[in-house]
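Below is one structure, written out as structure tokens; comments come after it.
The values are calculated or read from the model by the stated rules, or taken from the named source; none is laboratory data. Note that this is a predicted model, so its numbers are computed, not measured. Cβ placement follows ideal geometry from the backbone for every residue including glycine, while neighbour counts extend to all protein chains displayed. Remember, those area values only see protein heavy atoms, side chains included, never the ligands or the DNA or RNA. Shrake-Rupley method; radii C 1.70, N 1.55, O 1.52, S 1.80 Å.
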Amino acid sequence: MVPPIVMTIPEIRAVTDAVRQQGQTIGFVPTMGALHEGHASLIRAARAASDYVVVSIFVNPTQFGPHEDYAKYPRTLEADQLVCAQAGADVIFAPRVEDMYPANSFSYVEVAKLGDHLCGRSRPGHFRGVCTVVMKLFNIIRPDVAYFGAKDYQQARIITQMVRDLNVPVRIAIEPTVREADGLALSSRNRYLSPAERAVAPRIQQALQTIAQRVAAGEVDTARLESALEAELMAIPGTRVDYAKIVDAEFLQPLTRIDRPAVIAVAVFLGTTRLIDNLLIGEPVGR
Ligand code: AMP
């Protein structure tokens with residue numbers, strides 16, 4: 001079945017209210033569209049665990065900085081509908097910007113501390129935009145479980161923290177990063193890469209693996225590991241390193257030694273395209 005596209009808040013509320021009244025559970029996958037196999041894996045996870053699956057497609061303006069790619073972010077609704085159909089979604093919620101952010105909206109959601117480093121530092125206001133839109137979507141859809149990808153590790157941790165701190169009645173499920181055969185993490189932004197950039201992009205993941213091997217071999221000094229990581233990334237032709245950090249896996253704070261679960265997290269510009277990736281060292285925490 002091709003899932004219908006619902007565009008208004010009252011209509012999606014009517015749909016999800018009816019589902020709930022029948023005693024069915026709702027799994028929810030928030031996305032910005034330009035769907036790929038990473039998104040499909042989240043939808044399949046929702047399909048396997050819930051009676052009814054909602055996918056939202058909304059390119060959220062409040063999470064883009066003034067010089068970022070909001071205007072040119074890929075919008076591929078027809079193809080997205082097919083991905084949703086194949087992965088087993090029941091309905092797509094694709095609201096208009098003016099319905100999500102009517103004139104004279106003044107409220108937002110901000111999670112302190114966890115956004116101090118990594119993407120939160122490079123993209124001021126980004127996670128405030130993410131948290132605000134995700135909270136709005138949770139309030140509109142009222143899912144039982146919401147699915148996020150480990151590829152956006154900081155985002156997944158921040159949403160988990162938000163839900164815990166604000167007693168939002170939803171369970172957050174974090175699913176593994178889906179990669180190309182050569183290791184590149186799938187991303188809607190990969191389509192911006194030139195053939196030459198695409199050819200070298202897997203070296204981002206390889207750099208993370210190289211550092212993880214050094215940790216496995218006993219190196220725990222994060223300053224040494226971070227400079228080795230940066231050197232690996234800078235050796236990729238056409239790159240500019242935005243950040244290359246090792247932080248604790250729970251609160252995403254800098255570490256001097258790897259003495260607890262940690263995340264190696266990077267953001268790299270390949271030409272004008274900003275790609276992120278990460279690698280968890282130790283057991284998942286804070287879920
Ligand atoms: P986006 O459309 O980029 O905002 O992403 C929507 C959701 O899909 C987020 O929870 C992402 O973490 C997740 N996602 C994006 N890429 C991947 C991937 N390669 N593997 C797993 N999840 C992903």
Q: Any chance you could run the full-extension gain for residue 8 through residue 209? It's 0.36 nm times the residue separation minus the Cα-Cα distance, nm to one decimal.
A: 67.9 nm
**Q.** Accessible area expressed per residue, the stretch 188-279, with surrounding protein chains retained (probe 1.4 Å, Å²)
**A.** 45 Å²
Q: Determine the share of the chain's accessible area contributed by carbon and sulfur atoms, expressed in whole percent, with a 1.4 angstrom probe.
A: 52 percent
Q: Express the accessible area of the stretch 5-175 per residue in Å², computed with a 1.4 Å probe while the remaining protein chains stay in the model.
A: 45 Å²
**Q.** Those chymotrypsin sites (Phe, Trp or Tyr not before Pro) in the stretch 163-272 that DSSP places in a loop and that have at most 16 other beta carbons within 10 Å
**A.** 251
Q: Treat each spin label as a single point 7 Å out from the Cα along the C-beta direction, and report the residue 105 to residue 37 distance in nm.
A: 3.4 nm
Q.
Students often get this wrong, so check it: of 72/245; 151/245; 72/113, which have C-alpha atoms separated by over 25 Å?
A. 72/245; 72/113
Q: Would you calculate, for the chain, the mean residue ellipticity at 222 nm contributed by helices, counting each DSSP H stretch of 4 or more residues as -39,500 (n - 2.57) and dividing by all residues, to the nearest 500?
A: -11500 deg cm²/dmol
Q) Which aspartates and glutamates does residue 136 reach when only Cα atoms under 18 Å apart count, and residues fewer than 8 places away in its own chain are ignored? A) 11, 17, 98, 99, 110, 144, 165
Q. Between the helical axis of 153-165 and the dominant principal axis of the chain, each derived from Cα atoms, what acute angle in degrees is found, rounded to the nearest 10?
A. 50 degrees
